[in-house]
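The values are calculated or read from the model by the stated rules, or taken from the named source; none is laboratory data. Please read all numbers here as calculations on a predicted model, not as lab measurements. Cβ placement follows ideal geometry from the backbone for every residue including glycine, while neighbour counts extend to all protein chains displayed. Heavy atoms of the whole protein, side chains included, go into the accessibility calculation; ligands, DNA and RNA do not. Shrake-Rupley method; radii C 1.70, N 1.55, O 1.52, S 1.80 Å.
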2 protein chains.
Amino acid sequence: MKSLAQNYRSQCPLSAALEMIGDKWSLLIVRDMCMGKSKYGDFQNSPEGIPSNILANRLRQLEENGIIKKQPYQTNPPRYEYLLSAKGADLLPVLQQLGLWAHRYVPGSMPPPDDFMAAKPEDLLAGK
Amino acid sequence: MKSLAQNYRSQCPLSAALEMIGDKWSLLIVRDMCMGKSKYGDFQNSPEGIPSNILANRLRQLEENGIIKKQPYQTNPPRYEYLLSAKGADLLPVLQQLGLWAHRYVPGSMPPPDDFMAAKPEDLLAGK
DNA sequence: TCTTATCACTTGCTAATTGCAAGTGACATA
DNA sequence: TATGTCACTTGCAATTAGCAAGTGATAAGA
């Protein structure tokens, strides 16, 4: 995980944020995790159809950036699940605003689900 | 500008939003416009150093998506400036949240400027 | 008038990233 | 032993990114 502003193309926080999550897929994975998904297969089954190699790559990047954590949830066979860190959970307000925006301006798009809009970052950490 | 949810990869508003602005540069241009910049050269001079061909491409996409409008501001020589539409101005809350998030989690990043955080979408439309 | 400059792009080209499809390894179950 | 599942990985073609240089319209200066 990058630790100094120097590693980024500028000192602007927005710019740094976009270097971490500025693509078409990363925030979709975070969205899924906000909705309680945690397994590789869960993410793969989302309606947008993320390609498997992209998913694996994004999970790695999100972990490197400290947004998610990979944890074993069984040993036989060894399986891992992905959970939001505090940093990742705190992206929720961003996603909520972005979801509202898109719903307002994309005719025909679904409204963000009530439970998604009602959630708070701290809800996403332990018991969900 | 896409007008039906069908044109997007899913009906999720977040997903549609990311198809429009999910890259490393688009929101940086919107940020600059929120700060009062409007000319091609202004965007080019931002510290992140966007390549010229990418800038031209993103301005085109942002216009196609109805986020910005291209307007002539002089005729000799013909010159254009780029202004936020209501749709674009309403991205401000998203940028504010994302700026706060990054400032909180990227050590050494600047805090979002006070005037940026104090602004409201309606401030960005006419007189700025 | 001729030259130089500026602004807002565009073009060419290489490198990196994306995305589809198929394959792999560890283990469970029949 | 045979088949299946899950979580990836690999190969490869196609798209996109990014650097550097070029272009066209016009202004300003010699």
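Data for the structure
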item	result
Near pairs, Cβ below 6 angstrom, 6+ apart or cross-chain, from the range A:45-58 (among the small types (Gly, Ala, Ser)) to any residue that is surrounded by 14 or more Cβ atoms within 10 Å (Cβ to Cβ)	A:46/A:32
Residues that are out of contact with any Leu (no Cβ under 7 Å at 6 or more places or on another chain) and closer than 17 Å to residue A:28 by Cβ, drawn from the range A:68-87	A:83
All positions within the range A:35-69 that are within 11 Å of chain B (Cβ to nearest Cβ), open to solvent by 20 Å² or more (accessible area, probe 1.4 Å) and of a type in the set (A, V, I, L, M, F, W, C)	A:35
Some residue of the range A:92-111 being within 16 Å of DNA strand D (Cβ to nearest atom) and under 13 Å from the mean Cα position of the chain (by Cα)	no
Hey, residue A:31 closer than 22 Å to residue B:21 by Cα, open to solvent by less than 60 Å² (accessible area, probe 1.4 Å) and basic (Lys, Arg) or not	yes
Of all residues in the range B:85-113 being among the charged types (D, E, K, R) and over 22 Å from residue A:8 (Cα atoms), the one that is most open to solvent (accessible area, probe 1.4 Å)	B:90
The range A:27-60: number of residues that are within 11 Å of DNA strand C (Cβ to nearest atom) and among the small types (Gly, Ala, Ser)	3
Single unsatisfied condition, residue A:109 versus (1) of a type in the set (Ser, Thr, Tyr); (2) touching a Pro at 6+ places or on another chain (Cβ under 8 Å); (3) part of a strand (DSSP E or B)	(3)
Close pairs from the range B:102-117: first facing chain A (nearest Cβ under 9 Å), partner aliphatic (A, V, I, L, M) and surrounded by fewer than 21 Cβ atoms within 10 Å (Cβ to Cβ), Cβ under 6 Å, at least 6 apart	B:108/A:4; B:108/A:5; B:109/A:5
Any hit, the range B:87-104, residues being within 23 Å of residue B:17 (Cα to Cα), touching a Gly at 6+ places or on another chain (Cβ under 8 Å) and part of a strand (DSSP E or B)	no
Condition broken by residue B:120, with the remaining ones in (1) within 13 Å of another protein chain (Cβ to nearest Cβ); (2) farther than 28 Å from residue A:25 by Cβ; (3) of a type outside the set (Asp, Glu) satisfied	(1)
Among residues of the range A:114-128, those that are out of contact with any Asp or Glu (no Cβ under 8 Å at 6 or more places or on another chain), farther than 24 Å from residue B:11 by Cβ and not in a loop (DSSP other than H, G, I, E, B), counted	2
For residue B:73: the one exception among (1) at pLDDT below 95; (2) part of a helix (DSSP H, G or I)	(2)
